Amino acid sequence: MEPDMESENVSGEPPVRAEITLIVNGREHRLAVDTRASLLDVLREELGLTGTKKGCDHGQCGACTILVGGRRANGCLALAVAHDGADIVTVEGLAHGDELSPLQAAFIERDAFQCGYCTPGQLCSATAVLDEAARGWPSVVTPDVAAEPELDEPEIRERMSGNICRCGAYVNIVAAVRQAAARETAGRRPTERQAAGREAAGHGGAGQGPTEREAAR
Amino acid sequence: MRPFTYERARSADEALALHDGDTHYLGGGTNLVDLMRLGVERPARLVDVTRLPYDRIEEHGGGLLIGAAVRNSDLAADRTVRERYPVLAEAVLAGASGQIRNQATVGGNLLQRTRCSYFQNVTKPCNKRDPGSGCPAREGEHHNLAILGHTPHCVATHPSDMAVALAVLDASVRVRGGSGERGVRLDEFYRLPGDDPSRDTTLDPGDLVTGIQVPPLGMASRYRKVRERASFAFALVSVAAALDVADGKVLDCRVALGGVAHRPWRARRAEEMLRGAPATEESYLRAARAEMEAAQPLRDNGFKVPLATNLIVRTLSELAPSKPGDGS
Ligand SMILES: Cc1cc2nc3c(=O)[nH]c(=O)nc-3n(C[C@H](O)[C@H](O)[C@H](O)COP(=O)(O)OP(=O)(O)OC[C@H]3O[C@@H](n4cnc5c(N)ncnc54)[C@H](O)[C@@H]3O)c2cc1C
Ligand code: SF4
Ligand code: FES
Ligand code: FES
């Protein structure tokens, strides 16, 4: 695999390979990757999972958003070699068989795309947005950063700002995320919401593991 | 991209031992991988420091010790940080995107490089990337570069929002080097460019950041950032401020600016003027103007002077709104 042609390897040094294991959408893969390869390139080129898109390759557009250990990340800036053992979900893994995830269904109901190129990233990102809000994570537009946030429109716009849509389908994307958020909140009992808030209250070690949604799968 | 070997350090000692001249420590990689792809950084070895045991936020001497491997998003979500140091949570949340904050580490955030477009373009001269080659930004594209503390050698700004909050918190950086562990006050951690812009900090090669010590604050605090779009953009100007007011008078006050200099800019002059002054918009404005007297805007970034002035006034006013009849 040619990991990246943008700045070619003028040094003439041979590529370095490393063995890693990735769990992608529940399936384990053993791979020998070039140390320079990003998760994005490995998913697309080695595993044929082309749902995840490359927009900018610089962390600026979010088209490459995937879930790593249940948390959203830009695949283009993540070195595969640094993610040995990681549990990854891509857009291909969001549905349960033929049953779309609530967000996928909401995107269709609300017509939340035009060309669709940004959509896999939007879906993975929004999946994590719902989870982060359920954990009580604030955003920069949360009026009181110490309080429990409500996922209203300004919050959704801010939290989704790492995902650019060149077609400008933002109005319907926000509507779709709002709809999925409202359904999720309605489906969750108040006690569970409080528990989620308390969980976010503890001193966070990094990578608090997969979300409940992931673990339940 | 130049090929490199990858090692995962299990202890600080191992990380230090694995670091030879041609090495970079790897945090989340959100800045380093990008710079390697652009050819700006060309290490032969990466030493991954994200699995070192510095992934906790702990109580420490009445304040907090924040591990270098803590992810930006976990720092901003931490209940204690949100309650006791809102300026820090707000600053982290004002930076980058939800995705990037999940990947980025505290250590990497501190040590991210400038976003000056010439620095990122290896076909251009740049004293920071290629010492002695010149600084095209001075006469070129510099509308988002420095107005304070710059030299003819470099007019770059430090891009981190988090670091501006840490400056106002009087934080110090825990560093592991060849001669053991030391604490470096944020003031002494970041450099002004002087005649050697190649160094952003006073760290020695191979020094490992293990954490950040934040002393107790005991004042209201907040972070405000102005950018060219509503979200997901670097600061044009930002302000971190902490303020303690009693009986309409400023008891204590700290202000730091982002987006204006090669390092987070502590507005010491403004702070001095404000201590003991009436907590009114007039005082805030007088102090902000006095601080900005030192500004030397470039051809296209003079707008940052009134922007910074107004943002200081606005942020302080939000922390302690002046009541009618107060001192003025
Ligand atoms: C599109 C985009 C937008 C962004 N917007 C903002 C913004 O608005 N505000 C903002 O503040 N930031 C912004 N950022 C920058 C982001 O915050 C940084 O990229 C991130 O914090 C770096 O952390 P990291 O762990 O990924 O560092 P890495 O990329 O892994 O490392 C950065 C540097 O730190 C060194 N390093 C890492 N850890 C250590 C350690 N423990 N000891 C010694 N050296 C170490 C590395 O060797 C490297 O030189 C943006 C980034 C992108 C890509
Ligand atoms: S401002 Fe600094 S970083 Fe930018 S071109 Fe000049 S020397 Fe390089
Ligand atoms: S391709 Fe990763 S953010 Fe654009
Ligand atoms: S739908 Fe075309 S880029 Fe978003």
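The values are calculated or read from the model by the stated rules, or taken from the named source; none is laboratory data. Every value quoted in this text rests on a predicted model; they were computed, and no experiment measured them. No Cβ is skipped: glycine too gets one built from the backbone with ideal geometry, and neighbour counts run over all protein chains shown. Side chains included, ligands, DNA and RNA excluded: accessible areas come from the protein's heavy atoms. Shrake-Rupley method; radii C 1.70, N 1.55, O 1.52, S 1.80 Å.
Give region B:37-65 a look and list any residue that's away from ligand 3 (no atom under 16 Å from the Cβ), of a type in the set (A, V, I, L, M) and touching an Asp or Glu at 6+ places or on another chain (Cβ under 8 Å), or say none. Result: B:ALA44, B:LEU46, B:VAL47, B:ILE57, B:LEU64, B:LEU65. Within the option set A:PRO102, A:PRO3, being farther than 25 Å from B:ALA69 by Cα and either at pLDDT 95 or above or within 16 Å of ligand 1 (Cβ to nearest atom) (or both) holds for one residue only, A:PRO102. With respect to being within 15 Å of the chain's Cα centre (by Cα), assigned to a helix (DSSP H, G or I), closer than 22 Å to B:ARG227 by Cβ and more than 16 Å from ligand 3 (Cβ to nearest atom), B:LEU145 falls outside the description. Restricting the search to region B:76-95, which residues are without any contact (Cβ under 8 Å) to a residue 40 or more places away in the chain and crowded, with 24+ Cβ neighbours inside 10 Å? Across region B:76-95, the qualifying residues are B:ALA76, B:ALA77, B:ASP78, B:VAL81, B:ARG82, B:ALA89, B:LEU93.
Residue-wise test of (1) among the small types (Gly, Ala, Ser); (2) on the phi > 0 side of the Ramachandran plot.
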residue: A:GLY48; (1), (2): yes, yes
residue: A:LYS53; (1), (2): no, no
residue: A:GLY70; (1), (2): yes, yes
residue: A:GLY75; (1), (2): yes, no
residue: A:ASP87; (1), (2): no, no
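All conditions in (1) more than 16 Å from ligand 1 (Cβ to nearest atom); (2) open to solvent by 40 Å² or more (accessible area, probe 1.4 Å); (3) not charged (D, E, K, R) hold for B:GLY178, with the sole exception of (1).
Checking B:GLY183, B:GLY206 one by one, the residue that is away from ligand 2 (no atom under 16 Å from the Cβ), open to solvent by 40 Å² or more (accessible area, probe 1.4 Å) and not β-branched (Val, Ile, Thr) is B:GLY183 and no other.
Residue check: A:GLU28 meets all listed conditions (1) assigned to a strand (DSSP E or B); (2) under 23 Å from A:ALA134 (Cα atoms) but one, namely (2).
Which of the residues that make up region B:85-128 are within 21 Å of B:ALA156 (Cβ to Cβ) and among the polar types (S, T, N, Q)? If the condition is that a residue be within 21 Å of B:ALA156 (Cβ to Cβ) and among the polar types (S, T, N, Q), then B:ASN109, B:GLN112, B:THR114, B:SER117, B:GLN120, B:ASN121, B:THR123, B:ASN127 are the ones that fit.
Within region A:135-164, take every residue that is in contact (Cβ under 8 Å) with a residue 40 or more places away in the chain and open to solvent by 20 Å² or more (accessible area, probe 1.4 Å) and give me the one that is farthest from the other protein chains (Cβ to nearest Cβ). Looking at the filtered set, the residue picked out is A:GLU148.
Can you name the residue in region B:109-156 that is polar (S, T, N, Q) and touching a Cys at 6+ places or on another chain (Cβ under 7 Å) and, of all such residues, is farthest from B:GLU41 (Cα to Cα)?
Per the criteria, the residue is B:SER133.
Once region B:148-171 is narrowed to residues that are assigned to a loop (DSSP other than H, G, I, E, B) and of a type in the set (A, V, I, L, M, F, W, C), the residue that is farthest from B:ALA308 (Cα to Cα) is B:ALA171.
The C-beta contact set for region B:7-34 (first residue open to solvent by less than 30 Å² (accessible area, probe 1.4 Å), second residue near ligand 1 (Cβ under 10 Å from one of its atoms) and among the charged types (D, E, K, R), distance under 6 angstrom, 6+ apart or interchain) comprises B:ALA12/B:ARG176; B:LEU26/B:ASP48. Filtering region A:23-64 to residues that are within 14 Å of chain B (Cβ to nearest Cβ), of a type in the set (A, V, I, L, M) and either within 16 Å of ligand 2 (Cβ to nearest atom) or open to solvent by less than 10 Å² (accessible area, probe 1.4 Å) (or both) leaves A:VAL33, A:ALA37, A:LEU39, A:LEU40, A:VAL42, A:ALA63. Among strands (runs of 3 or more DSSP E) entirely within region B:1-55, having at least 1 residues that are under 19 Å from B:ARG174 (Cβ atoms) singles out B:23-26, B:45-48. Test B:VAL260 against the criterion of being touching a residue at least 12 places away in the same chain (Cβ under 8 Å) and in a loop (DSSP other than H, G, I, E, B), and give yes or no. So B:VAL260 passes the test. Only residues that are more than 7 Å from every other protein chain (Cβ to nearest Cβ), assigned to a helix (DSSP H, G or I) and open to solvent by 10 Å² or more (accessible area, probe 1.4 Å) were counted in region A:65-83, giving 1.
Here is the figure for region B:222-272: residues that are among the polar types (S, T, N, Q) and open to solvent by 10 Å² or more (accessible area, probe 1.4 Å) total 1. Would you please name the residue that is least open to solvent (accessible area, probe 1.4 Å), looking only at residues in region B:43-67 that are hydrophobic (A, V, I, L, M, F, W, C), more than 8 Å from chain A (Cβ to nearest Cβ) and over 30 Å from A:THR35 (Cα atoms)? Applying the filter and picking the extreme gives B:LEU64.
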